[in-house]
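Heads up: the structure comes next, in structure tokens.
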Amino acid sequence: MKYTFPSILAFICMLSFFSCNEDVPNPALDLGKTIIIPQPLKVESTGSSFQINSGTTVQNLNNIKAVDGFVAQLKKTSGFNLESTKTSNENTISFSLDEASEMGAEGYTLDITDTQINLSAKTEHGIFNGIQTLRQLLPTEFEGEKPENINWYVPSGKISDKPEYAYRGSMLDVARHFFEVKDVKRVIDLIAQYKINTLHLHLTDDQGWRIEIKSWPNLTTHGGSTQVGGEAGGFYTQEQYKDIVAYAATKFITIVPEVDMPGHTNAALASYPELNCDGKATKLYTGTEVGFSTFCTSKEVVYKFIDDVIREISEMTPGPYFHLGGDESHVTEMKDYIPFIERTSAIVNKYGKQVMGWDEIAHAKLPANSTVHYWNKAENAKMGVEQNAKVLISPATKAYLDMQYDSTTRIGLHWAAYVEVDSAYMWEPSELVEGITKENILGVESPLWSETVVNMDDIEYLVFPRLIAHSEIGWTPSKFRNWENFKVRLGKHKDRLEIQNVDYYPSKLVPWAPLTKVEVDNP
Ligand code: ACM
């Protein structure tokens, strides 16, 4: 902390019996020059600031849970008591639900004057999103672990904000390499601050089955025992899966479970011989090839198996979607693939879930409310739209987080492209495929496949900062997005990433710069 003029005054105030609030004007800060990502819809600066101090009170008349977490963190890092109040006064941060809000299910209004902060929204999710914005307006020290003796200024003005797309997701492949519950929770923490609202878990693949199915226990005891490279694998018990789902819900993140089929199924085929046409269990697989496995789609027992799997997982999953995979089933003939997808889709619907599947599923006749997950073939996505399916946008060439940044990146693949941060940022979902417009698009998802991703540092290195770029594509209308402007804001997230110990890729294309105290205190 530099001993700036305001901080010396604050120190004098602490020693005196007088409230200095009336005597010392808060610094003139420009809300328009802040570093909020994703960029809000509308920002009006009033050129002053609010100062959080020992007398600040918190009003939370609707008992919004997300507020409690925010206030606890602010108490911890500011050292202030922040008493709760029923009536807002001249030094109050107020959070309120407003049925009449025009900012929609996830939007919010943040109104900051030099005497009050008022955050209001139609829903608790909207309040949560507003809090994520407020976090980025506070000094970076808010993200730390201990009290810091600094000036807690927040620039004044008004933000009215809501997302462009309803679904803003990331995907974690826990099948190629397994990641513990604590890692999944850290991913949830890190992505939620950028207003990502969905985490798709790729739970099964050739290399491992990672979710306990009580009626078919060998899936995990045998099928989950290893991973790419041959080391020990792992799986989530049903209790652990429920714990992930519940934890995600506290951050307004919906879990989308994926069981990939009829291909990408070797772990199941190795666990239960009856799922194979020849009735013989396959060997466990620890390589990284794709497209060699398939359920025996003509066997009734396969559908009994799938019914049990979808039932058990759906019962633990409050979100609306079940992702049935469907990609790269190269050894399933199309005449078998299509009826398989149709029958499996009906099972998904039977257990109250909407079908989501990789773009190949559009070859089948899909039930109403299905989503085609575009990763590879535009023709498939269009076939989905022609049958009124929604499209979830994850083009491998732009959205796959496992693509290397360039040829020197220490991990990752490059079969689709090298994806530097500018390339990850500069695209528009509704302009990607002719004939697929905003109305057809459910949202944007950033998948991380884990062939080369072994630990949390690897995850962070590939996810950050590209997911931050994708978060703005999903949230901010394209007319307000601009790489030159984005890269400067992103560069100033350096301190935020570092205080959270995020092992991000320090792309040379981004002007990484600490957010100096002078900028915060005295711009
Ligand atoms: C995929 O990348 N096979 C969906």
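The values are calculated or read from the model by the stated rules, or taken from the named source; none is laboratory data. Worth saying up front: this structure is predicted, and the values here are computed from it rather than measured. Positions of Cβ are generated from backbone atoms using ideal geometry, with glycine treated the same way; all protein chains shown enter the neighbour counts. Note: areas computed on protein heavy atoms with side chains; ligands, DNA, RNA excluded. Shrake-Rupley method; radii C 1.70, N 1.55, O 1.52, S 1.80 Å.
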Table column - 3J(HN,Hα) (Hz), the stretch 118-131, Karplus curve with 6.51, -1.76, 1.60, x for Gly and Pro:
10, 10, 9, 7, 6, 10, 5, 5, x, 4, 4, 5, x, 5
Please give me, ordered by residue number, the trypsin sites (Lys or Arg not before Pro) of the stretch 20-95 that lie in loop per DSSP and have at most 10 other Cβ atoms within 10 Å.
Lys86
Spatially close lysines, pair count over the stretch 119-274: Cα under 26 Å, gap of eight or more or interchain:
25
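Based on the mean of other beta carbon atoms within 10 Å per residue, what is the order of 318-327, 231-240, most packed first?
318-327, 231-240
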List every residue whose amide H lies under 5 Å from the amide H of Gln59, counting only residues 5 or more places away in sequence or on a different chain, with H placed 1.01 Å from N in the peptide plane.
Thr85, Ile93, Ser94, Phe95
Classify the stretch 435-499: rounded, prolate or oblate, from the alpha-carbon gyration tensor (a ≥ b ≥ c, eigenvalue square roots; a/c under 1.5 rounded; otherwise prolate if a/b is larger than b/c)?
oblate
In what sequence, highest mean first, do 196-205, 479-488 appear when ranked by Cβ atoms within 10 angstrom?
196-205, 479-488
Helix 65-78 versus the longest principal axis of the chain: what angle, 0 to 90°, nearest 10, using Cα atoms?
50 degrees
Counting only protein heavy atoms and a 1.4 Å probe, tell me what percentage of the chain's accessible area is made up of carbon and sulfur.
53 percent
Kindly report, to the nearest 10 Å², the accessible surface of Glu315 as traced by a 1.4 Å probe over protein heavy atoms only.
140 Å²
Distance in nm between label sites at Glu239 and Lys304, each 7 Å beyond Cα in the beta-carbon direction?
3.0 nm
Along the three principal axes, how long is the chain when you take its alpha carbons, biggest first, rounded to the nearest angstrom?
85, 46, 43
The set of residues whose placed amide H lies less than 5 Å from the amide H of Gly47, leaving out same-chain residues fewer than 5 positions away, is Leu31, Ser156
Taking only DSSP H segments of four or more residues, each worth -39500 (n - 2.57), what value at 222 nm results for the chain once the sum is divided by all its residues, to the nearest 500 deg cm²/dmol?
-9000 deg cm²/dmol
How would you classify the stretch 98-215 from its alpha-carbon gyration tensor, with a ≥ b ≥ c the square roots of the eigenvalues: rounded for a/c under 1.5, else prolate if a/b is greater than b/c, otherwise oblate?
oblate
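Could you state the accessible area per residue of the chain in Å², with a 1.4 Å probe and every protein chain left in place?
Ligands and nucleic acids excluded, the figure is 39 Å² per residue.
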Restricting to the chain, what percent of DSSP beta bridges are antiparallel, rounded to 5?
30 percent
List, in the order given, every pair from Lys353/Lys390; Lys438/Lys494; Lys304/Lys353 whose Cα-Cα distance in the structure shown is over 26 Å.
Lys438/Lys494
Want the number for Asn485 to Asn62: 0.36 nm per residue separation, take away the alpha-carbon distance, what's left?
148.6 nm
Would you mind checking which residues have amide H under 5 Å from Val256's amide H? H placed 1.01 Å from N; only 5 or more apart, or other chain.
Leu199, His200, Leu201
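Quick one: which of 171-180, 422-431 comes out on top by average Cβ neighbours within 10 Å, and what's the full order, highest first?
171-180, 422-431
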Vicinal HN-Hα couplings computed from phi for the stretch 329-335 (Karplus, 6.51 cos²θ - 1.76 cosθ + 1.60; Hz; Gly/Pro x):
8, 5, 9, 9, 5, 4, 5
